[in-house]
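Asks: Handing you a structure now.
None of the figures in this text is laboratory data; all of them are computed from the coordinates on show. In this text the structure is predicted, and so the values were computed from the model without any measurement. Cβ placement follows ideal geometry from the backbone for every residue including glycine, while neighbour counts extend to all protein chains displayed.
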Amino acid sequence: MHALRQSFAILLLAYNRMNLHDGWAIASHIALSGLFSFFPFLILLTALASFFGAGALADDAADLILQVLPREIGEPIAQEVRNVLTEWRGDLLTIGAVLSLYFSSNGIEALRVGLNRAYGVRENRSFVVTRLESIFYVVIGAAVMLAFAFGIVLGPLGWGTLLNYFPALIDFTRIVDLLRLGGTSLLIVAALLITHKYLAAGERSLLSVLPGVAVTLFLWLLGGFVFGFYLAQFPQAYATTYGGLATAMMALIFLYTLAVIYIFGGEINGAVAAMNRAAAKRRRARATHYDDGFYW
């Protein structure tokens with residue numbers, strides 16, 4: 001019962017902190033920056049893949065990204081993504097690629113602003129340092145996506161070869177497919193842990209960021225299911241309101257939902273840290289009172 005009351009107190013404090021830190025407005029900033037950064041990131045991804053002579057992997061990496069979106073949102077965007085990726089992108093070191101890299105990092109910077117407010121810390125590093133760090137995260141993210149896509153492409157080929165020698169393993173095909181899809185989830189978990197631990201100013205232990213990451217993952221799954229169910233039941237709801245902008249608005253609203261949950265996860269960690277500090281302060285006060293009474 002005590003644990004339930006404490007959990008409710010943490011959720012309530014996190015909600016109040018989110019209101020105090022303008023979390024709803026910051027979520028809009030993250031969603032819009034994320035939407036603006038998505039296609040420049042894909043252009044960078046394609047340029048990087050073409051640079052290493054593996055241009056087809058960019059399409060596989062884009063499919064991995066779109067797998068986490070509800071079908072009603074992912075399918076319309078997928079066509080536009082393929083239109084972008086079908087053009088030759090060998091200009092990794094050109095001005096266009098540099099600009100794509102810079103604009104892709106805007107999404108990371110938006111996350112940094114949200115996390116700094118959630119954890120109640122002030123950014124003391126210079127603009128150049130934080131921007132270079134964001135660009136580093138973008139490049140590493142693109143490289144990881146390509147490496148993972150490479151594994152996804154080779155996985156079915158290797159499994160098919162194994163089945164040629166051991167046909168009895170065909171019963172495990174579904175499990176292997178689930179493991180491949182689960183790899184995308186592991187990437188998301190890793191990204192959440194890295195951003196919560198390293199992106200915001202200050203230092204935090206890996207253990208201290210786990211509560212917010214767990215809440216974020218749970219609410220993301222729940223939010224994606226509810227949003228997809230709503231779009232499936234009322235497919236014309238956005239079309240009648242936004243007309244030809246329906247797809248863009250659906251994507252933006254979905255990204256806003258994810259951003260709100262992401263910030264709330266940071267506020268969960270901030271609330272836990274604040275309650276721990278308050279508890280430690282009370283313990284020190286009791287210890288001081290005891291010592292004063294003892295020596296009296």
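Asks: Stretch Leu35-Ile253 to full length: gain in nm at 0.36 nm per residue minus the Cα-Cα span?
Replies: Here the segment from Leu35 to Ile253 would lengthen by 77.4 nm.
Asks: Among Val209, Val176, rank each residue by its count of other Cβ atoms within 10 Å, from fewest to most, as a rough exposure measure.
Replies: By the 10 Å Cβ count, ascending: Val176, Val209.
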